[in-house]
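J.: Could you have a look at this structure, given as structure tokens, before my questions?
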Amino acid sequence: DPLTGLPNRLMLEQQLGAAIPRARTQDQRLALVFIDLNRFKSINDQYGHATGDSVLMEVAKRLRSAVRNSDMVARLGGDEFVVILEQCSSKRLMEVASEMVSELRKFRFVESEQRFRVGASIGAVMIDVAWESAEQVLQAADAACYSAKEAGRGRVHLWEQEDALLQARRADIRWATRLEQAMEYDHFELWAQRIDAL
């Protein structure tokens with residue numbers, strides 16, 4: 001990524017694609033942290049893109065310093081970052097993710113004597129034999145991050161197979177897609193029932 005110097009989305013997907021078979025065959029415990037900055041758009045709108053870029057560079061530094069050298073921090077795009085944690089238990093995953101939320105909550109960016117805070121919401125996923133592709137893991141982490149935001153931002157949400165919040169969100173997305181397709185292909189029928197006075 002030219003702005004932050006972190007690996008970009010393409011490199012992340014390659015690393016994740018290589019990590020998943022390792023987790024499946026060698027029983028290595030890996031984890032993924034999906035970080036979305038809160039209200040970043042308002043920083044860009046209010047202070048300009050140069051300030052937004054400075055915030056992203058500072059966040060990248062803080063995330064890099066929060067993990068081990070063997071872990072990978074990447075910028076997915078916009079204000080989204082992803083961390084792959086090597087040899088990581090679910091307990092350590094939650095500790096690292098909670099620490100990241102705490103650090104970014106404390107972070108204050110100063111621009112032209114204005115101080116503003118940069119918080120983050122995090123979706124966390126354990127990578128194990130259940131996953132077949134990088135895309136699946138990233139979708140689950142994104143959905144978990146969305147749940148963290150819906151629960152009040154500045155939180156960590158651990159993805160679980162039977163997570164009711166995520167299941168409901170997936171159902172909403174499926175219905176939205178079905179409705180869009182029905183409108184596009186004229187699959188709606190108008191039904192009416194006449195009401196007569198007896």
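The values are calculated or read from the model by the stated rules, or taken from the named source; none is laboratory data. All values derive from a computational prediction rather than experimental measurement. Every residue, glycine as well, gets a Cβ built from its backbone with ideal geometry; the counts of neighbours run over all protein chains shown. Surface areas here come from the heavy atoms of the whole protein model, side chains and all, with no ligands, DNA or RNA. Shrake-Rupley method; radii C 1.70, N 1.55, O 1.52, S 1.80 Å.
J.: Output the number of the condition that D186 fails; it satisfies all remaining conditions of (1) at positive phi; (2) in contact with a strand residue (DSSP E or B) (Cβ under 7 Å, 6 or more places away or on another chain).
T.: Just one mismatch for D186, condition (2).
J.: Let me ask another. Identify all residues within the range 101-126 that are of a type in the set (V, I, T) and closer than 19 Å to R75 by Cα; write none if there are none.
T.: V101, V118, I122, V125
J.: Answer yes if at least one residue in the range 105-113 is under 15 Å from the mean Cα position of the chain (by Cα) and open to solvent by 90 Å² or more (accessible area, probe 1.4 Å), and no otherwise.
T.: For the range 105-113, residues under 15 Å from the mean Cα position of the chain (by Cα) and open to solvent by 90 Å² or more (accessible area, probe 1.4 Å): absent.
J.: Could you say whether any residue in the range 85-96 is in contact with a helix residue (DSSP H, G or I) (Cβ under 7 Å, 6 or more places away or on another chain), under 18 Å from S133 (Cα atoms), open to solvent by less than 30 Å² (accessible area, probe 1.4 Å) and in a strand (DSSP E or B)?
T.: Looking for residues that are in contact with a helix residue (DSSP H, G or I) (Cβ under 7 Å, 6 or more places away or on another chain), under 18 Å from S133 (Cα atoms), open to solvent by less than 30 Å² (accessible area, probe 1.4 Å) and in a strand (DSSP E or B), one finds at least one in the range 85-96, hence yes.
J.: Looking at R29, R9, which is the one that is open to solvent by 80 Å² or more (accessible area, probe 1.4 Å), touching a Cys at 6+ places or on another chain (Cβ under 7 Å) and over 30 Å from R115 (Cβ atoms)?
T.: Only one candidate qualifies: R29.
J.: If you don't mind, another one. Go through A134, A120 for me and flag whichever is farther than 20 Å from E95 by Cβ, surrounded by 14 or more Cβ atoms within 10 Å (Cβ to Cβ) and among the small types (G, A, S).
T.: A134
J.: A further question on this structure: Which of the residues that make up the range 38-76 are among the small types (G, A, S), open to solvent by 10 Å² or more (accessible area, probe 1.4 Å) and part of a helix (DSSP H, G or I)?
T.: S42, A50, S54, S65 - these are the residues of the range 38-76 that are among the small types (G, A, S), open to solvent by 10 Å² or more (accessible area, probe 1.4 Å) and part of a helix (DSSP H, G or I).
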